[in-house]
1. Quick check: anything in the stretch 30-41 open to solvent by 40 Å² or more (accessible area, probe 1.4 Å) and either over 26 Å from the mean Cα position of the chain (by Cα) or hydroxyl-bearing (Ser, Thr, Tyr) (or both)?
2. Is it fair to say residue 326 is modelled with pLDDT under 95 and either assigned to a loop (DSSP other than H, G, I, E, B) or in contact with a Ser or Thr (Cβ under 9 Å, 6 or more places away or on another chain) (or both)?
3. Can you work out which of the residues in the stretch 151-173 that are part of a strand (DSSP E or B) and of a type in the set (A, V, I, L, M, F, W, C) is nearest to the chain's Cα centre (by Cα)?
4. Pick from the stretch 354-397 the residues that are of a type in the set (Asp, Glu) and open to solvent by less than 40 Å² (accessible area, probe 1.4 Å): which of them is farthest from residue 266 (Cα to Cα)?
5. Residues in the stretch 53-65: is at least one under 24 Å from the mean Cα position of the chain (by Cα) and of a type outside the set (D, E, K, R)?
6. Looking only at residues in the stretch 269-298 that are of a type in the set (Val, Ile, Thr) and in a strand (DSSP E or B), which one is most open to solvent (accessible area, probe 1.4 Å)?
7. Just to be sure I understand the filter: pairs with C-beta atoms under 7 Å, separated by 6 or more residues or on different chains, first member in the stretch 396-415 and over 12 Å from residue 131 (Cα atoms), second member part of a helix (DSSP H, G or I) and among the small types (Gly, Ala, Ser). Which pairs pass?
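The values are calculated or read from the model by the stated rules, or taken from the named source; none is laboratory data. Note that this is a predicted model, so its numbers are computed, not measured. Here the Cβ positions follow ideal geometry from the backbone for every residue, glycine too, while neighbour counts run over all protein chains shown. SASA here: full protein model, heavy atoms, side chains in, ligands and nucleic acids out. Shrake-Rupley method; radii C 1.70, N 1.55, O 1.52, S 1.80 Å.
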Amino acid sequence: MATVKQTLGDLNKELFITLLRKLIGESKYVQNNPPELIPEEDRIVNHVLDILLPYSTTTGGGPLVINHVTYKPKRGNLIVEYPGTQPGNILSFVGMHMDVVTANPCDWEFDPFSLSIDGDKLRGRGTTDCLGHVALVAELMRRLGETKPQLKSTVVAVFIASEENSSIPGVGVDALVKDGLLDKLKQGPLFWIDTADKQPCIGTGGSIPWKLHVTGKLFHSGLAHKAINPLELAMEALKEIQSRFYRDFPAHPKEQVYEFATPSTMKPTQWFYPGGGINQIPAECTVSGDVRLTPFYSVSDAMKKLQEYVDDINSNIDKLDCRGPVSKYVLPDENLRGRITISFDEASSGVACDLNSRGFHVLCKATEEEVGHVKPYSITGTLPLIRDLQDEGFDVQTSGYGLMATYHAKNEYCLLSDMCQGYRVFASVISQLEDRYEIIIARSVEAL
């Protein structure tokens with residue numbers, strides 16, 4: 001009798017590339033950057049349905065149970081289930097999102113909105129993030145429907161809308177969870193397929209976008225003693241805020257366990273001022289940036305601390321370091337004081353995957369078998385949706401088979417060979433969980 005891995009075989013490259021070509025051909029219409037660009041994920045759904053419906057209960061052609069769930073017009077999610085024989089035994093592949101980040105064809109060396117092939121490279125917007133994974137998992141589910149292996153475990157794939165931008169809520173996985181449509185996935189490991197480089201990603205960072213608005217006094221630069229320079233105040237205040245942040249949020253001991261590439265960071269990334277002449281000290285400026293917080297610290301605690309830093313600096317602004325003999329942040333004769341305020345955009349928390357879960361162990365073993373080595377890693381990039389799932393009680397593990405170097409980048413591509421390995425990893429995961437169930441049954445019989 002053939003094993004599960006033998007039954008599923010290797011990735012059918014021809015069918016995979018055929019589907020991926022259709023998906024990348026829709027990528028122009030699934031760019032997610034509201035209000036200008038609102039994706040129509042049903043364009044992707046329709047192509048996936050074309051290959052899965054022939055093996056579904058909908059058409060009577062196979063065992064796949066398909067549920068197309070839509071909360072906004074043209075913005076569907078797709079839940080595909082291959083039923084197992086044992087109630088409560090389940091594993092799922094989730095997170096293959098059907099929207100993409102924007103791409104400007106003028107900046108690319110090839111057309112981002114059509115699939116092109118250069119040797120092993122599959123090129124186009126979404127090949128790595130995440131239409132390549134949509135095609136990969138769709139092909140896995142097609143193969144299950146076609147070969148109909150007798151599995152104890154139910155295998156579920158959830159293709160989601162609206163991952164790249166959360167400004168329009170209630171569209172994707174958040175709505176599916178709210179409606180209870182994923183509740184039964186809590187009974188087994190959930191593999192979030194939206195990272196890169198073929199290794200388990202076991203930790204991600206929280207994100208706190210911030211804006212530091214600084215108010216000074218406008219004046220001629222030749223009379224600097226009559227001005228409060230908001231640019232200098234911003235630089236010194238930010239230096240003090242960063243110093244306090246790194247004191248209060250140092251490298252955490254667990255970051256070594258999880259192989260985080262960096263500790264928590266707080267830094268500026270943008271600078272704005274209202275304009276004016278080169279000989280004019282402006283009245284205000286704004287510095288923006290973010291905090292990337294490892295999951296061992298609380299996002300709300302960090303935000304509270306940042307506000308405390310700002311309040312204390314304002315109260316003691318005359319003690320803040322100045323720049324030069326006439327630089328100052330207080331003008332007593334005019335009863336003027338420089339001032340800083342901080343505000344936050346939507347924050348999200350990081351994730352530390354459960355390293356003791358069966359999902360983690362089977363993913364590591366499958367990766368070692370099929371990729372040749374296993375080296376779990378963590379980054380302070382954010383995947384806010386998986387933290388929400390973890391908080392809801394799901395055993396979330398993450399992996400992906402695109403390339404981190406081309407993630408959200410110009411000239412995005414993935415490697416066909418990597419996708420082939422990813423398919424075999426999925427087959428190994430399914431097979432291992434079947435074997436584990438058989439061992440549990442055997443031990444139960446022995447105990448009797």
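1. To start, the set of residues in the stretch 30-41 that are open to solvent by 40 Å² or more (accessible area, probe 1.4 Å) comprises 33, 35-38, 40.
Checking which are either over 26 Å from the mean Cα position of the chain (by Cα) or hydroxyl-bearing (Ser, Thr, Tyr) (or both) leaves us with none.
There is no residue in the stretch 30-41 that is open to solvent by 40 Å² or more (accessible area, probe 1.4 Å) and either over 26 Å from the mean Cα position of the chain (by Cα) or hydroxyl-bearing (Ser, Thr, Tyr) (or both).
2. On the way: modelled with pLDDT under 95: yes; either assigned to a loop (DSSP other than H, G, I, E, B) or in contact with a Ser or Thr (Cβ under 9 Å, 6 or more places away or on another chain) (or both): yes.
Taking the combined requirement at face value, the residue satisfies it.
3. First, the residues of the stretch 151-173 that are part of a strand (DSSP E or B): 154-160.
Okay, now just the ones that are also of a type in the set (A, V, I, L, M, F, W, C), so 155-160.
Details: 155: 23, 156: 20, 157: 18, 158: 16, 159: 14, 160: 13 Å.
Only one residue fits best here, namely 160.
4. In the first step, residues of the stretch 354-397 are kept if they are of a type in the set (Asp, Glu); the result is 354, 368-370, 388, 391-392, 395.
The next check asks that each one be open to solvent by less than 40 Å² (accessible area, probe 1.4 Å); those that pass are 370, 395.
Numbers: 370: 38, 395: 30 Å.
Step by step, filter the stretch 354-397, then rank; the result is 370.
5. As a first pass, look at the stretch 53-65 and keep what is under 24 Å from the mean Cα position of the chain (by Cα): none.
No, the stretch 53-65 contains no residue that is under 24 Å from the mean Cα position of the chain (by Cα) and of a type outside the set (D, E, K, R).
6. Initial filter on the stretch 269-298 (of a type in the set (Val, Ile, Thr)): 269, 278, 281, 286-287, 291, 294.
Filter once more, so that each one left must be in a strand (DSSP E or B): 269, 281, 286-287, 291.
Working: 269: 93, 281: 17, 286: 29, 287: 1, 291: 0 Å².
Per the stated criteria, the residue is 269.
7. Listed by first residue and then by second, the contacts come to 397/359.
Yes or no, residue by residue, for (1) modelled with pLDDT of 95 or more; (2) outside any strand (DSSP E or B); (3) open to solvent by 30 Å² or more (accessible area, probe 1.4 Å); (4) of a type outside the set (D, E, K, R):
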position	(1), (2), (3), (4)
175	yes, yes, no, yes
184	yes, yes, yes, no
192	yes, no, no, yes
203	yes, no, no, yes
208	yes, no, no, yes
